[in-house]
Amino acid sequence: MNFELTEEHKAIQQATRDFARTTLLPGIIERDNAQKFDPSLVRQMGEMGLMGMMVEEQYGGGGLDTLSYVLAMEEICKIDASAGVIMSVNNSLVCWGIQQYGSEEQKQKYLPDLASAQKIGAFCLSEPEAGSDATSQHTTAVDQGDYYILNGTKNWITNGNLSEICLVMAQTHPEKRHKGINVFLVEKGIAGFTVGRKEDKMGIRASDTHSLMFADVMVPKGNRIGPDGFGFKFAMDTLNGGRIGIAAQALGIAAGAYELSLAYAKQRRTFGKPISEHQAIQFKLAEMATRIEAARLLVYKAAYTKDVGKDYIGEAAMAKLYASDVAMWVTTEAVQIHGGYGYVKEYHVERHMRDAKITQIYEGTSEIQKLVIAREILK
Ligand code: CAA
């Protein structure tokens, strides 16, 4: 078993680390406060090749493996988990889904713009009454021959305002339950499609989360992905990969908070010595490092399993379940190590703690991951 990264993987890791520190770190506190993500930063991430890392080169992407993507996500999220979720949704939910299941025409039309971040994508599954219970889609897509007529509301949509290309799940044949759901490529600007409320969030505040409304939106039949009734399978398959991305986000948040805590513990003095020389702090650092390393192994293993073409449903769910718990625990300890300084924004760890919480919720809550893992074990 080889635990060494290749030279290419190390180069991706280093380049992303440098980018995050020089470009994302300045202004992160202001962006978090203002709940604003600077679109020019997304464009720069596109120029860096971070927005379509796994898209094949012929469609304008990086043609890289999932491990490369995970390494980059980890580095981005050590600094800015909001940028991380924008990147994650575009890469693993939108680009991957289109590349895997889109027609040749759809791939040529949409992937180059998405991979270069000329346009940003959104994944629209959740609804006011369909979060974990994703089969209960209330958004309808009525077949009208050349068009589908879309009606409904989507909630908590990452990139909701920023995006120009949306993957929208909707129910066409309610009697068939999840087998009646379709998925459509819907572009902003089409009549009847409006952006709704911006969410005032606890964490990942510098990312863009909105509700989206569809009122008699006419979507051409050619914008449906896959055969009739394929939408739920599309959503589940895409989310399996997305969960690896969110696990990497959680890992990055934890590692970022740990690195800050380690540096702080070496320079902060109490009772006549650096706090890193107090066993109470040493034990915290030791446990943080151990849990992060365990999460890293699960996340990299999930990426590897996907890259070698094996079934990775269970690996992805385990990585997300564990890494998100580690992120919550490590960031809480990071605030504790920093004491009063940890509770104020300037020291960054309180943001990491707020950002960590969502990783236990989106792209399938921890409870849903346990359900998925149990089904994999028992099948
Ligand atoms: N991979 C592939 N297929 C899966 C799957 C998985 N992980 N989980 C379920 N399925 C399949 C099942 O095999 C079944 O297919 P068949 O009927 O062909 O056998 C089908 O999906 C329905 O499954 P169930 O009959 O088990 O339905 P259920 O209602 O009992 O459970 C669920 C479904 C697993 C709970 C599912 O609804 C789910 O994953 N919910 C969580 C939704 C979610 O993750 N939302 C995230 C929103 S997107 C987001 O957060 C993005 C963002 O902005 C950051």
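The values are calculated or read from the model by the stated rules, or taken from the named source; none is laboratory data. These figures come from a predicted structure and were not determined experimentally. Counting neighbours? That spans all protein chains shown, and the Cβs are built from the backbone with ideal geometry, glycine included. Just the protein is used for accessible areas: all its heavy atoms, side chains included, with ligands, DNA and RNA removed. Shrake-Rupley method; radii C 1.70, N 1.55, O 1.52, S 1.80 Å.
Numerical summary
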{"item": "Amide proton proximity set for Gly196, modelled H, under 5 Å, gap of 5+", "result": "Ser211, Leu212, Met213"}
{"item": "Extension gain, Ala34 back to Leu378 (0.36 nm per residue minus Cα-Cα distance, nm)", "result": "119.2 nm"}
{"item": "Cβ-derived FRET efficiency at R0 45 Å, Phe3 paired with Val195, nearest 0.05", "result": "0.50"}
{"item": "Portion, in percent, of the accessible area of the chain that falls on carbon or sulfur, probe 1.4 Å", "result": "54"}
{"item": "Estimated dipole of the chain in Debye, rounded to 20 [Cβ of Lys and Arg +1, of Asp and Glu -1, Cα centre]", "result": "820"}
{"item": "Helix-only mean residue ellipticity at 222 nm for the chain, each DSSP H run of n ≥ 4 adding -39500 (n - 2.57), per residue, nearest 500", "result": "-16000 deg cm²/dmol"}
{"item": "Proximal lysines relative to Lys273, as straight alpha-carbon distance under 24 Å, when same-chain residues fewer than 8 apart are discounted", "result": "Lys284"}
{"item": "Degrees separating the helix 66-79 axis from the principal Cα axis of the chain, which is the longest one", "result": "60"}
{"item": "Stretch gain in nm, segment Glu57-Arg269, where the contour uses 0.36 nm per residue and the Cα spacing is subtracted", "result": "71.1 nm"}
{"item": "Amide H contacts under 5 Å for Met54, placed H, 5+ residues apart", "result": "Gly62, Leu64"}
{"item": "Degrees between helix 7-19 axis and first principal axis of the chain (Cα, 0 to 90, nearest 10)", "result": "80"}
{"item": "Exposed-loop-free span, longest in the chain, where chymotrypsin sites (Phe, Trp or Tyr not before Pro) count as exposed if DSSP calls them loop and at most 13 other C-beta atoms lie within 10 Å", "result": "4-270"}
{"item": "Degrees separating the helix 349-358 axis from the principal Cα axis of the chain, which is the longest one", "result": "30"}
{"item": "Cα centroid separation - the stretch 315-343 against the stretch 73-133, whole Å", "result": "25"}
{"item": "Point-to-point label distance, Phe283-Ala11, nm (Cα→Cβ direction, 7 Å offset)", "result": "4.6"}
